[in-house]
1. Taking the highest mean first, how do the peptides A:636-648, A:707-719 order by number of other beta carbon atoms within 10 angstrom per residue?
2. Using helices alone, I'd like the mean residue ellipticity at 222 nm for chain A: each DSSP H run of four-plus residues gives -39500 (n - 2.57), total over residue count, nearest 500.
3. Tally the DSSP beta bridges in chain A and give the antiparallel ones as a percent, rounded to 5.
4. Sort A:75-84, A:182-191 for me by packing, meaning the mean count of neighbouring Cβ atoms within 10 Å per residue, highest on top.
5. On average, how many beta carbons from a partner chain sit within 10 Å of the beta carbon of a residue in A:633-646?
6. Counting only heavy atoms of the protein chains, get the accessible area per residue of region B:76-151 (1.4 Å probe) and round it to a whole Å² value.
7. Considering only protein heavy atoms, what per residue accessible area in square angstrom results for region B:2-75 with a 1.4 angstrom probe?
8. Per residue, what accessible area does region A:397-501 have, given a 1.4 Å probe and all protein chains present, in Å²?
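The values are calculated or read from the model by the stated rules, or taken from the named source; none is laboratory data. Everything quoted here is computed from the prediction, not taken from an experiment. Counting neighbours? That spans all protein chains shown, and the Cβs are built from the backbone with ideal geometry, glycine included. These area figures cover heavy atoms from the full protein model, side chains too; ligands, DNA and RNA do not enter into them. Shrake-Rupley method; radii C 1.70, N 1.55, O 1.52, S 1.80 Å.
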Amino acid sequence: MRNQITNLSRRGFLQQGLAAGAGLTLGAHLGGFSRLLEAAPAADGATAALEPNAFVRIGTDDSVTVIVKHLEMGQGTYTGLPTLVAEELDARWDQVRVEGAPADASRYNNLFWGPTQGTGGSTSMANSWQQMREAGAVARQMLIEAAAKRWQVDAQEIQVRDGQLSHASGQRASFGELAEAAAELPVPESVFVKDPKEFRLIGDATLRRKDTADKIDGSARYTQDVSLPGLLTAVVAHPPRFGARLKSFDPGPAMAIKGVEKVVQIPSGVAVLAGDFWTAKRGRDRLRLEWDESDAFKLSSDAILEHYKTLVEAPGAVAAVQGDAEAALASADKVVEGDFAVPFLAHAAMEPLNCVILPDADGVRVINGEQSQTRTQAGVAAVLGLRPEQVRIDMLYAGSSFGRRGNPKADFTSEAAEIFKAAGGKTAVKLQWTREDDTRAGWYRPLFFHRVRAGLDADGRPVAWHHRIVGQSIAVDAGMEARMVVDGVDRLSVEGAANLAYGVPNLYVDLHSPKLPVPIQWWRSVGHTHTAFAVECIIDELAAAAGRDPVDYRMELLDGHPRHQGVLKLAAEKAGWGTPLPEGRARGVAVHASFNSYVAQVAEVRVRGKAFRVDRVVIAVDCGMAVNPDVIKAQMEGGMGYGLAAALVSSLTLKDGRVEQSNFHDYQVLRMDQMPEVEVHIVPSAEAPTGVGEPATPVIAPAVANALAAATGQRLRTLPLKLA
Amino acid sequence: MVEIRVNGRQHALDLDPDTPLLWVIREHIGLTGTKYGCGIAQCGVCTVFLNGAAVRSCSTPLSAAAGGSVLTIEGLESREGRAIQAAWAELDVIQCGFCQSGQIMSATALLTQNPAPTDADIDAAMSGNICRCATYARIRSAIKQAAAALA
């Protein structure tokens, strides 16, 4: 059973894909940068015989190349999106190759973001789900038509399986053998996509990632690895405080180092350029710089938090209201109250930020693990006086990102453009930040403070929920107010709190968004990183105050939210919730929905004095149809681990405006000996797929805090968690 | 002029002897599988073998490697190294991949010295290698799987 798609938007897609396809030929795309790379894998030499749309190309050598519009930063886009194409095409998985899409929002926009190309918000699979399946189905249909014509048979009688077309008459042909003939045919006006019952690749947990082979032998290419003739590497001295301005500098000591080619001033500091990183870094470290810090930001994290504690006393912009929470609190049988604080956090992606930029025939070419093509095109074009379309972008892998490479102001790609311009605009430049630069240059998960007050009736049921949130607005600072701020409420600050799933008749949530010159940004799971912590800790306290089991209590209050209940029930069952544990051990639970997916986690902790370890975490996820179950498991494991770092050890603090941490010795992250045993269970679903990159991250901190409360009686409400 | 052997090939380099081995390997010899992550031996993405021992190349000056033999991810051919890579592939350990050359070198060093590591041995040998994608659970499983395959 195949489902025909004939709607107009689909035709629009086809026409667009066809028009665009004409401009994207194999030769044109590989002709530039790939040839310049000294060790680029040889192109297969096959002609791109069939190229029905912007996403799939079938070669005479039987290769199926899938063009992926989303950055591969570890989350599995280079496996997931090709799975959709290969499924509908009935290709063999081993004939599928992957290529990163160029910057072109007319063809490669994120369908959830309008005319914007970029990766984020755990949208890659969800926004591509239909688009990539259709792309594969179109190619399949054209191969069938070509075979029908060649064999003089009815197209309906042709079978496609594992990259082969066949007919009962005994005729057989591979994709490669039919590709040229298929390319002569018109692109179909409508195609069929499979009924899920027919899926062979979608849902196959044994399907292996496409990026494993080159990531285990050192051949995978990241921005850090780009080498070009004449390339200069730039290392930048940034201001010591946010808002400090360069007063004067002496390039002499840097220029005195053999190999330093240029020292240039740019808006964000001073860049030293050399033929290699080490020389440029030595030059940067020798620069003599004088900064004007009269207008610089000089507050400490402690002072910011104290300020937020005064703000929390007054009403803010209302994010959600139902009934009368204050009145219900006043008449409640019991009131539970909690103040929660979370620090600034650096993304601390493994690959320190970097960007390559070089002159191109009609503008410039950026080479980058690019998360936000449209913003980078705009940012670089503005610096260089070009039109955005004159900024080409070659996509490489990113050594993770967690949001940082999708900067709202294209900060580091624009900085690369500034250096390129200041250095004369004729030489290829690679901007490479050190780890210290990466830690100290800002764009953090903002510091947040929450106060929650909840009231119970005599039966232990919550009758009032009053939640006040204080923290910088990412959307306002990003210039995205129009889309994301409603009545003074940045939805990125209240997501996961304003839409409380638990049934409480009197609900009030409000927000203060104080302005600070500390640059802030989305950090894996954004607002949920702090809202889930506050909400899931308080609900646990309510269960305790009501004398109820934390899982049973949540299940009851989640009436009408079957997907929350589904993951909660599954995680509890698999974790052995309620079964006895040895002395000093305890379990804690949390459940939270984000990015349209549902995650529950049960954490098991072992406590000894003030020290504790998270020994085991059981995760249940409902992310709709599981396209790549093993990638989903990996994202649950890793997303939880990323959140666990913030729960246990990570904290970025300001002292008189200076960032106190600089590298992994003082900005601590999760290490092997802190990683729990982890089990992931996926709820079977027929819904369209939703996000998996972020939803596991916010759930672990409250699960661990709740486990520690069960073990010790201490309710910890500050991250990272420290037992008294 | 400093002479070093990298993956079996001899190189004579006219470089400041204080240059970290990492940048010699990456930018002067052109082997980019070994990565820069911290520069202070805190993250392990730069791990290579020097005369058979795993070292952090970002904090090893070229002078310390003079006359020595360096092995990088590109030259990994030992029985243990192959088994580690095979297990990494079977379990799809990688995510972003940036730290994985270093993880594989450290894991190979571990298995070369200790063919049957316990969880505590793995913690001790691998806790200097950071993975921000937190692939640690799969790294642990893959090390055990490789050990079993070699036994």
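1. Taking the mean over residues of other Cβ atoms within 10 Å, the ranking is A:636-648, A:707-719.
2. One gets -9500 deg cm²/dmol as the mean residue ellipticity at 222 nm.
3. The antiparallel proportion sits near 75 percent.
4. Details: A:75-84: 26.7, A:182-191: 16.2.
Going by the mean number of other Cβ atoms within 10 Å, highest first, we get A:75-84, A:182-191.
5. Numbers: counts 3, 10, 2, 0, 7, 10, 2, 2, 7, 3, 1, 1, 3, 0.
Mean shielding by partner chains, rounded to a whole number: 4.
6. Working: 2440 Å² over 76 residues.
So region B:76-151 comes to 32 Å² accessible per residue, rounded to a whole number.
7. Working: 2580 Å² over 74 residues.
The answer is 35 Å² per residue.
8. 28 Å²
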